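So the structure is just underneath, and the comments pick up after that.
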Number of protein chains: 2
Amino acid sequence: MTQSFFRELMNPRSIAIVGASNNPSKMGTMHALSILKDGFAGKFFAIHPTESKVLGHPAYKSPLDLPETPDLAMFVLPSKHLLPVFEAFGQIGTRYAIVITAGFKEAGADGVRLEEQLKETAKRYGIRFVGPNCMGIVNRDIGLNTSVSPITGRPGPLGLISQSGTYVAQTVDYLQKRGIRLGKAVSLGNEADINIVDVLEYMGEDPGTTAISMYIESIRDVGRFLEVARKITPHKPIVVQYIGGSEAGGRAGLSHTGAMAGKDYLYDGLFRQAGVIRVFSVEGLYGQGWALATQPRIQGNRIAIITNSGGPGSAIADTLDALGCTVPAFSEELQAKIKPLIPPHAPCGNPVDMTFALDMKIMTETIPDLVMNSGEVDGVVMHGAMSTGFMSAVYSHLSDLMPGVTCEEMLKGMIRDVTGSVQIPFKNNMPMTVSAFFDRCDQYTAEYEDNNVPVFDSPEKAARAMAAMVAYQRIQNRAAYELPADLQSTETACRILKEAKKRGQKALDEFSAKQLLGSYGIPVSRERLVHSPAEALDAAVAIGFPVVVKACDPEILHKTEQGLVYLNIRNSDEVLGAYDAIQQSVQRQGRQPVAVLIGEMTAGTREFLAGITWDDQFGHCLAFGVGGIFTEAINDIRYRVVPVSESEAGAMVREIKHPKLLSAFRGMPEVNMGSLSKILSTLSLMPLLHPEIREIDMNPLIVSGAEPVAVDALIVIGT
Amino acid sequence: MTQSFFRELMNPRSIAIVGASNNPSKMGTMHALSILKDGFAGKFFAIHPTESKVLGHPAYKSPLDLPETPDLAMFVLPSKHLLPVFEAFGQIGTRYAIVITAGFKEAGADGVRLEEQLKETAKRYGIRFVGPNCMGIVNRDIGLNTSVSPITGRPGPLGLISQSGTYVAQTVDYLQKRGIRLGKAVSLGNEADINIVDVLEYMGEDPGTTAISMYIESIRDVGRFLEVARKITPHKPIVVQYIGGSEAGGRAGLSHTGAMAGKDYLYDGLFRQAGVIRVFSVEGLYGQGWALATQPRIQGNRIAIITNSGGPGSAIADTLDALGCTVPAFSEELQAKIKPLIPPHAPCGNPVDMTFALDMKIMTETIPDLVMNSGEVDGVVMHGAMSTGFMSAVYSHLSDLMPGVTCEEMLKGMIRDVTGSVQIPFKNNMPMTVSAFFDRCDQYTAEYEDNNVPVFDSPEKAARAMAAMVAYQRIQNRAAYELPADLQSTETACRILKEAKKRGQKALDEFSAKQLLGSYGIPVSRERLVHSPAEALDAAVAIGFPVVVKACDPEILHKTEQGLVYLNIRNSDEVLGAYDAIQQSVQRQGRQPVAVLIGEMTAGTREFLAGITWDDQFGHCLAFGVGGIFTEAINDIRYRVVPVSESEAGAMVREIKHPKLLSAFRGMPEVNMGSLSKILSTLSLMPLLHPEIREIDMNPLIVSGAEPVAVDALIVIGT
């Protein structure tokens, strides 16, 4: 165990609350009632200025009056009154706190100051706390609920970490009606002390939590998030909804918990790097999280569909197909086993369509058992298991034909032992998701849900949850994380950077940049730096025609746009012409004559880019994608936090939207992925070896034959 | 009105049913009960071999025994018994039928034969019918429900057309619990007679239907679908879920209603062409359809968000942003009006975040009114309106503090007059969607739903429904559909095709293909066809270096791959070399010397493709997208059914995934959209002017400066 303080906070033996009273319309009272009524067996104390009893328990004027030191203090009083009482808890030795109170960093300059004071006080007394501006924590292991909403019923294995209190406090009814059960939940608020990574680490280690759902608006410590999530995802799935990528979403988030939203593409790269499954709705957050928390791990992507209707069956098939799963046609042998069980003309080739046949035992037990034991599939999506829900919907029509039978009696008569059906996935150790248009009014929906088989209210959602399991299997099958190969800084690189800094350069010239990169084994185009027409001619002959002729100066950054690059120069006359044109052009700009690069003409029609970017929140990130003149128009770039190992770089490269560009086509060979991964991994180490490097831009990285070669490079030096 | 027979079928004055009995477990009985119990005021007859009364109504042995001719006959008996009784209805003059019975085309060769016999019988007697293998029709105007599920409650303005019976019959409970009310619904089954376009035409004309949702697995008459949908969408929204694009989806669909699934990209183009909004889930089909059916038309894409919590507010903002809506920051003026209404530090800049303030009148009435009247937005998405739902969720905790007050009493005491809230969108003539984690257990959810304000169970869905309205506004704002400009066939084109056919060619050679296209004003590269080295030299000089040298023969289709194309030829020696190399190459293949094309070298780095494809279901389609060597790797092509007007072509072109390629970037000008649209519209007319043309492939269509020029062209002649 690397994490213990947050586990202690989640398991207090005694709690004191400030801000609860006997007035049911006060938030503090509602929080207190949750602590008192949902099963917490520890001690409870209330701090109240006037009341002697709060909610039937003795109340104390000050923490200093308490008969003992509570493990956890909880604050629901106005922010202006918070500090003194918070400090008093420090004085009596309370080590953990939850600050529900809002009005801090999210509320302007005064709030920022108050939050600083709160942090300072906490630090002084060694208090670790959640919040401020949060909705509390839930730990069903000990019946602890500090939110405003009652949380009862059987606990479940899903853990929730949320930067919005709503998703802990306002969705209780929603989750209950969908059979989704949380075991642990934490509303983070402003994260003045305990932050999202602390809680993630705890949930990762918590044995009762089998999957973690996270609602995220901002991650402040990107590096630690990556480190912690990377340790968890090989054995426990993490589902993330990240919000804030849009300008308005960011504006909303900033005022919400005072956190800055970041660039969506950086977050997207981070989540992929960490092996986190990203969803784009709160419904996916809960639903896919629940499926991952409850179902046996899937072993492949071959899915069977069992349905009582063609439409939903087709919808499931289409959705699975779009998400990288297959719906294989069953073998003749398997079909022959299924055929006698379903109506004569009903399809049995996958989907199995029962049509409107209502023998539920066959549909929910016999056929799933056959299919799961066939060795032909890895998971099952089912639509149409129903009994009491459908019958209660049609009762009003049938009642005349069943005189004296009430709806309740009819439904009672239909209740069956469905143990065999709900155990199917666990008995066969194979995941199943269910689609049903009837909610818990139907016995099947209710019993599936109560036995940890996830039920969704549409075929597409049941398919998406199955696809999430396949996505997680791919994450588990990734090569184990490893540090990038060790690399020593080269003398060449150190010298180039030292000289450039001495000269006060903000960037290296192209020749130096390529020399630097080349010293680490990154392939760059062959070239010579020349300072006269005669040198230019010599260089061109030595390199061999055709050549490229370009201006080379650390202060000239956009050479192509300024007409300072001449491609495909075929003979001596053209070399001299290009050299002359470049010098005339810089002269017109009022500059001194510049050095000129004579380089080989790298043949290759595929142009990528590779680089290092800088972001205030993410630090240095590695970028790879479609480059050349189509960089912006195609906009197909992936990011990773540095450093990146070769195997990680290989995965990153295959994630681009147009991965076919890397494969063999139109007579071009497949790109050498080994070379490419090595280039990217090496590149990702540059900012670690040379912290003065702020950005690197190799664009284009031309694929010549199968080999990527940097034909242009820019290195920006940081301040 | 262009459509009357289906309107008559939907409005029978009398119905006879075959297959109903007094046994409640029979499907026929359930269909009959729906007719009898859901408000249909017309006459009802049962045909039964033995019973004298069915469900309290006199039963007859044969249609020939009926006291009068029913308008509509309905069949729920086994398929082998169908034909004689169907024919008997023909004999007594019944003109409309619904065949619920399955076991036809979807059930193999015997079924196909039976369906042919059914069609023949119907034709002989002039019977128009829905089905077979369907779930019936619903027309709430006259209380008519022929499905198996009770459909009661107030009718709504949404029309549903479905190729799956499930979405008419099994979702009654689902829709009711979501407040979605259908007015008309038709389950199509195998479409042996009445097809999806007939029903669409009817719904388009039906004044009570304000939006149409369609579940589609296959459209047999693509041309008529386009014609009919195109007439409807300018004034009534159509939402479509198309299923069958995947191989498994197609397999499921084929066995479902015997229909062949088609290529997803052709359907996608068809829907865009028709102005139909495509969704990818049944939930979207119902939910977005319902929003479009109920809400005032939106006038722009500026959306306000009003929420009681930051998380859902941010989620709504992000989702809207991703779907092409904006969430503009409010003016200082508007913020100043809102500020006093919400807690001191709560954000009011859009999203307006009430925080956990529970003054529902301010949230649901005062602020929406202010925002809607500001002129700053075009629609509102709201999250967090709640009262009784939340209170009933927390009652168990509060009950001790309210001794003697039952939950029901507490909730009753909370019921408010919310008329002002639910009228907001209609009063202000501006659409609103609502997100709520409480279902109809909450007064707000229930009353919103009952008053035609759509409520969704997640912030993202409420945002998506708003985005669907914005999408529909864009459809309404499109240029009115017009026929392509009139075009006469050219003598050149007729001559080229005639000669090619005379010679038995399956394709035109490149030179002829370009001559043909050029005769219609499509820009093609300048070139000459030559038959000797001397002619080649003359041509190159006349055209001007650099030139392209290629083999030109109708039987050589993949010239580049065979090394028969030489680009960028700069002088006479190179011309002769290339000419010679081509002839040697074809000689090695055992061919006679070929004609050679000498063409100008078209400068331009942007390569598109334009063409005409052939599909057995869709016929000729126009294609446009990213071309050149990246055609398959980038895979960015759009399709339209021919012919296509210039304004339609312009819209199609802007739909590609990488539209920035058409704009100005990296020193290249914006592509001349007028020229491009004209080329595409002209191209789309080729198969109409020359039906013998099966396919055309102009790839690449190089953008030279701003002008697209075809530098290669292939025309395949049909059989």
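The values are calculated or read from the model by the stated rules, or taken from the named source; none is laboratory data. Values in this document were obtained by computation on a predicted structure and should not be read as measured data. Glycine gets a Cβ as well: all are built from the backbone with ideal geometry, and neighbour counts include every protein chain shown.
List of remarks:
- When segment A:130-159 is filtered for residues that are of a type in the set (A, V, I, L, M) and within 12 Å of chain B (Cβ to nearest Cβ), the ones remaining, listed by number, are A:135, A:148, A:151.
- Filtering segment A:646-663 for residues that are modelled with pLDDT of 95 or more, hydrophobic (A, V, I, L, M, F, W, C) and touching a Gly at 6+ places or on another chain (Cβ under 8 Å) leaves a non-empty set.
- Scanning segment A:67-88 for residues that are assigned to a helix (DSSP H, G or I) and under 12 Å from residue A:128 (Cα atoms) turns up just one, A:86.
- Filter pass, residue A:128 being in the same structural domain as residue A:189 (by TED's automatic domain parsing) and in contact with a Phe, Trp or Tyr (Cβ under 8 Å, 6 or more places away or on another chain): yes
- Scanning segment B:295-349 for residues that are within 12 Å of another protein chain (Cβ to nearest Cβ), part of a helix (DSSP H, G or I) and among the hydrophobic types (A, V, I, L, M, F, W, C) turns up B:315, B:316, B:317, B:320, B:322.
- Flag for residue B:37 being basic (Lys, Arg), assigned by TED's automatic domain parsing to the domain that holds residue B:83 and under 22 Å from residue B:148 (Cβ atoms): yes
- So residue A:611, is it assigned to a strand (DSSP E or B), among the small types (Gly, Ala, Ser) and closer than 30 Å to residue A:571 by Cβ: no
- Restricting segment B:12-41 to residues that are more than 22 Å from residue A:393 (Cα to Cα) and surrounded by fewer than 23 Cβ atoms within 10 Å (Cβ to Cβ), the residue that is farthest from the other protein chains (Cβ to nearest Cβ) is B:13.
- In the set B:29, B:50, only one residue is polar (S, T, N, Q) and not in a loop (DSSP other than H, G, I, E, B); that residue is B:29.
- Flag for residue A:292 being under 30 Å from residue A:622 (Cβ atoms) and modelled with pLDDT of 95 or more: yes
- Applying the condition of being closer than 14 Å to residue A:713 by Cα and within 14 Å of chain B (Cβ to nearest Cβ) to segment A:521-564 and asking which residue is surrounded by the fewest Cβ atoms within 10 Å (Cβ to Cβ) yields A:558.
- Checklist (1) within 14 Å of chain B (Cβ to nearest Cβ); (2) in a strand (DSSP E or B); (3) under 45 Å from the mean Cα position of the chain (by Cα) applied to residue A:630, failing item: (2)
- The number of residues in segment A:612-655 being more than 30 Å from residue B:664 (Cβ to Cβ) and among the small types (Gly, Ala, Ser) comes to 6.
- Yes/no for residue A:44 being within 20 Å of residue B:397 (Cα to Cα), in a loop (DSSP other than H, G, I, E, B) and in the same structural domain as residue A:138 (by TED's automatic domain parsing): no
- Close pairs (8 angstrom Cβ cut-off, 6 or more residues apart or separate chains): away from chain A (no Cβ under 11 Å) in segment B:652-669, of a type in the set (Gly, Ala, Ser) anywhere: B:652/B:269; B:653/B:677; B:669/B:705; B:669/B:706
- Check on residue A:622, within 30 Å of residue A:531 (Cα to Cα) and buried (at least 18 other Cβ atoms within 10 Å of the Cβ): no
- For segment A:383-413, the candidate set comprises residues that are of a type in the set (S, T, N, Q) and at the interface with chain B (Cβ under 10 Å from one of its Cβ atoms); within that set, the residue that is nearest to residue A:455 (Cα to Cα) is A:392.
- Residue match in segment A:562-583 (condition: outside any strand (DSSP E or B), acidic (Asp, Glu) and under 24 Å from residue A:503 (Cβ atoms)): no
- In summary, helices (runs of 4 or more DSSP H) completely within segment B:357-456 and bearing 1 or more residues that are hydroxyl-bearing (Ser, Thr, Tyr) and over 20 Å from residue B:303 (Cβ atoms) occur at B:388-398, B:419-422, B:443-450.
- Selection from segment B:633-680 of residues that are in a loop (DSSP other than H, G, I, E, B) and within 26 Å of the chain's Cα centre (by Cα): B:635, B:636, B:642, B:643, B:644, B:645, B:655, B:656, B:657, B:658
- Checking each residue of segment B:279-289 against the condition of being surrounded by fewer than 22 Cβ atoms within 10 Å (Cβ to Cβ), out of contact with any helix residue (DSSP H, G or I) (no Cβ under 8 Å at 6 or more places or on another chain), modelled with pLDDT of 95 or more and farther than 25 Å from residue A:243 by Cα gives no match.
- Residue match in segment B:487-495 (condition: among the aliphatic types (A, V, I, L, M) and more than 14 Å from chain A (Cβ to nearest Cβ)): yes
- Criterion violated by residue A:534 - all others in (1) part of a helix (DSSP H, G or I); (2) within 30 Å of residue A:681 (Cβ to Cβ) satisfied: (2)
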